[in-house]
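Each remark here refers to the structure printed beneath this line.
We did not get these values from a lab; they are worked out from the coordinates using the rules stated. These numbers come from a predicted model, not from an experiment. When we count neighbours, we look across all protein chains shown, and the Cβ atoms used for this are built from the backbone with ideal geometry, even at glycine.
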Amino acid sequence: MSLKTPSAAQDAVAPPSGRTASRPTLQNLLRIPHGGLIVVLVLVALFTALQADSFTSSQNLLNVLRQISVTAVIAAGLTLLMTAGGMDFSMGSNAAVTVSVGATLLHDGRSTLVTVVLTLLLATLIGLVNGLVVTYTRVAPFVATLASAMLLDGVALLVLDGESITIGQRMWALGNDKVLGIPYLCVVAVVVLAAIGLAMRFTTFGRDAFAMGGNEHVARLSGINVSGRKLALYALAGGLAGLAGLMLLSRLGAAAPNTGGLQLQLTAVAAVVIGGTSLAGGHGTVVGTVLGVVLLGVVANALNLLQVNSYYQFVVTGGVLLVAAIINEFQRKSAPGH
């Protein structure tokens, strides 16, 4: 009688019990685009829904949509700019200037149309100046735009003279009305995000941004007008910052010191980075940015609903961001080609 032993081939194929059952599942999850972000978002939403009944109420969800819409517009401009290898840390401060100047114009009796046009032109000009500095002085974008952010924060305070300015019912509809149950602010944000996403995917302008972010020198040799593209990108970022400022003004109905500014900017940057856009340029995704913006909005709303001590809110938010970023990085490394 002979004893039957498994062959070497069978040994190689046979999985160790209890280990590979979960491994393919994890690998498949990481292969899903932005799977890590989706998992963290779902976990945070489920936990909050179980702890606070008001989280899933229509009123609260509409409030979250209004809050994240402003950040989403800034993040959309940043996604395209960072994909091209640029950076603008002054967009939140540009929005703060837009809020203060817009409120002042409306308070002084200017028409809404004139106010909108003037503030958008001003914001676009600020972005263009940032582009000129970055393009022709060779100052690092991080340094140039961070200095610009501090300068603009000061300008916003000077315009307001340290006081709050209310605008009454002017622009109230944009910040508070809905169409088909969806806030106007959210509609504006979706249109902006869709336009940026389509431009990045289907236009020469978008393809040039990826090429510049991948290797600016090679992009220039291939015939791309790098300087002109940079100016256009920074001007566009400025214009979108101005739009975000007008959205913020319409939602708040007033301008106050420290509205917008660096905190809004850091939130937008965090959303873009954890959404998968590379700080080094050459890679960016609007879908990831949307998920990043939603995650940050849900976390902030959850902390408020759960009445977490304000001292701990930054700690919790930073922790969630770190976990999401780590999972996102593991997902990127597990993707084909890495």
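When the chain is fully extended, how far beyond the present Cα-Cα distance does Arg207 get from Gln313, taking 0.36 nm per residue of separation?
Fully extending the segment from Arg207 to Gln313 adds 34.3 nm.
Could you estimate the translational diffusion coefficient of region 113-205 from the Stokes-Einstein equation, with Rh from the Kirkwood formula over C-alpha pairs, at 4 °C and 1.567 mPa s, in whole µm²/s?
78 µm²/s
Can you work out the FRET efficiency for the pair Leu125 and Leu180, with r the C-beta to C-beta distance and R0 = 35 Å, to the nearest 0.05?
After rounding to 0.05, the efficiency reads 0.50.
For region 57-330, just the Cα atoms, rotate onto the principal axes and tell me the three extents in Å, largest first.
Between the extreme Cα coordinates on each principal axis of region 57-330 lie 54, 43, 38 Å.
What distance in nm lies between label points placed 7 Å from Cα along the C-beta direction at Ser57 and Ala147?
4.9 nm
Measure nothing fancy, just the Cα-based angle from helix 204-214's long axis to the longest principal axis of the chain, in degrees from 0 to 90, nearest 10.
So the helix axis and the longest Cα principal axis differ by about 60 degrees.
Hey, any idea what Rg/Rh is for region 53-175, computing Rh the Kirkwood way over Cα pairs? Working shown, then result.
Numbers: Rg = 16.7 Å, Rh = 16.2 Å.
Expressed as Rg/Rh, it is 1.03.
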